[in-house]
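Structure first, commentary second.
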């Protein structure tokens, strides 16, 4: 008995005509390029009845046809700067018929530019349209001056619509480009130099960053920076180059560190586009990255640029804590107390739940999850003066969280609303821009240092990397008792 064949019968793009044993290779031509290529289907005999041989021979034909399809698609793409060409054409049409209206009422007009022969040919190529058009013209001419003036407006509209149809006929346009074309036809004055950082590119870039594991917030921030640059390019009518990026940075009026983040976002986008965007790579193949080599201002661009944050003193903190209570905002008052006794980041504190309070070696501690870095994952004893407050918060919570806040934002961040409330409280209490919630973190570090707490232990308590391989890699850290002794040195409110 014969063994069954293990050969895979791969007949993709292969056919046999009825009554023939010869194989043919076949490829359907996409609809968008059928008129350019002049056919709906590519088909070629492979001059063999052997499937194996047909499989081998089809490749060269398919490669050639795919190249023809790609070339046809490129030939139907709108050229660079097409918006300016359309605007010029529409403005010319509008000018011609506006001058004709002036002539009708007796004004002298300059010579008219030549008519667009493509439009004229398209118009005359439809006999029924020509007949209807001539009938309409006779009717308008019989209505006197008002009819003649109205006729010029109608002729201008006809030419504008024909221009739009001609562009759509000769090129392959996406929905986005069709909408842009329609807007330019309707209002040429709305035209701005088109930014190469298009909505389509940003959409693809966003998906790329998300698929590479970027956090939603970070991806949104980077895409947002590029979107703002695109708006700047369009509003100012500028090309993307070093000088333009420099002008954009100056227009932002931000601190040097923030400007540096904008440049990093720009470089990340540029590298992606040069690697993954064929059209961008071709357009900028001889250009340098415009986001590198900038000298950022030192101490300029922001009121706080180049300056260190101020710490909150004990008296400052008591003042803020009381102000929060006076405003009947106990969650904010509790948050201020937690910050004074822990030096934790605001979001870390807002993420604490009942289960975040644990017992280690008989000592009540906060179990802070990882947030910004590996070192942020830490266990910190609760300051003795904070124990009653924590017991109360655990008992009163309705959603397991110790600090009651408004609902989290789209990134799951719970501190956004209460952070803004603290900002308003801080300003009302007379503190400037160098006093922020993060200042409590500086305060705690300063207090620990002044209390002679060892540097490595202080960093361990606030979630900083020590920089020591011995400590960061090999050590399991201080004991709960050692940590409690250190944290207890923070002054009581």
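Computed from the coordinates by the stated procedures, all read-outs in this text should not be read as laboratory data. Predicted model, so just to flag it, every value in this text is computed and none were measured. Methodologically, a virtual Cβ is constructed for each residue, glycine included, from the backbone with ideal geometry; neighbour enumeration extends over all protein chains shown.
If each residue's Cβ is checked for other Cβ atoms within 10 Å, how do 164, 283, 20 rank with the fewest at the top?
20, 283, 164
Helix-derived [θ] at 222 nm for the chain: sum -39500 (n - 2.57) over DSSP H runs of at least 4, divide by residue count, nearest 500?
Mean residue ellipticity at 222 nm (helix-derived): -17500 deg cm²/dmol.
Against the longest alpha carbon principal axis of the chain, how many degrees, from 0 to 90 and to the nearest 10, is the axis of helix 330-342 turned?
70 degrees
Computed FRET efficiency, Cβ-Cβ of residue 198 and residue 157, R0 51 Å: what is it to the nearest 0.05?
0.95
Between residue 276 and residue 169, what is the label-point separation in nm under the 7 Å Cα-to-beta-carbon projection?
3.9 nm
Which label marks the calculated value of Rg/Rh (Cα atoms, Kirkwood Rh), given the options (1) 1.17; (2) 1.19; (3) 1.03?
Looking at Rg/Rh (Cα atoms, Kirkwood Rh) for this model, the match is (1).
Which angle between 0 and 90 degrees, to the nearest 10, do you get for helix 387-396 versus the longest principal axis of the chain when only C-alpha atoms count?
Relative to the chain, helix 387-396 is tipped by roughly 50 degrees.
Starting with the fewest neighbours, write out 208, 401 ranked by other beta-carbon atoms found within 10 Å of each beta-carbon.
With the fewest neighbours first, 208, 401 line up as 208, 401.
Is the C-alpha gyration tensor of the range 183-273 telling us rounded, prolate or oblate? Criteria: a/c under 1.5 is rounded; beyond that, a/b larger than b/c is prolate, otherwise oblate.
Oblate, because a/c is 1.5 or more while a/b does not exceed b/c.
If r is the Cβ-Cβ distance from residue 53 to residue 32 and R0 is 25 Å, what FRET efficiency results, to the nearest 0.05? Numbers along the way, then the final one.
Working: r = 33 Å, r/R0 = 1.34.
Calculated transfer efficiency: 0.15.
Which FRET efficiency value, to the nearest 0.05, is calculated for residue 183 and residue 227 with the Förster distance at 22 angstrom and r the Cβ-Cβ distance?
0.70
Hey, fewest Cβ within 10 Å first, where do 424, 160, 58 land in order?
Sorted ascending by nearby Cβ count, the order is 424, 160, 58.
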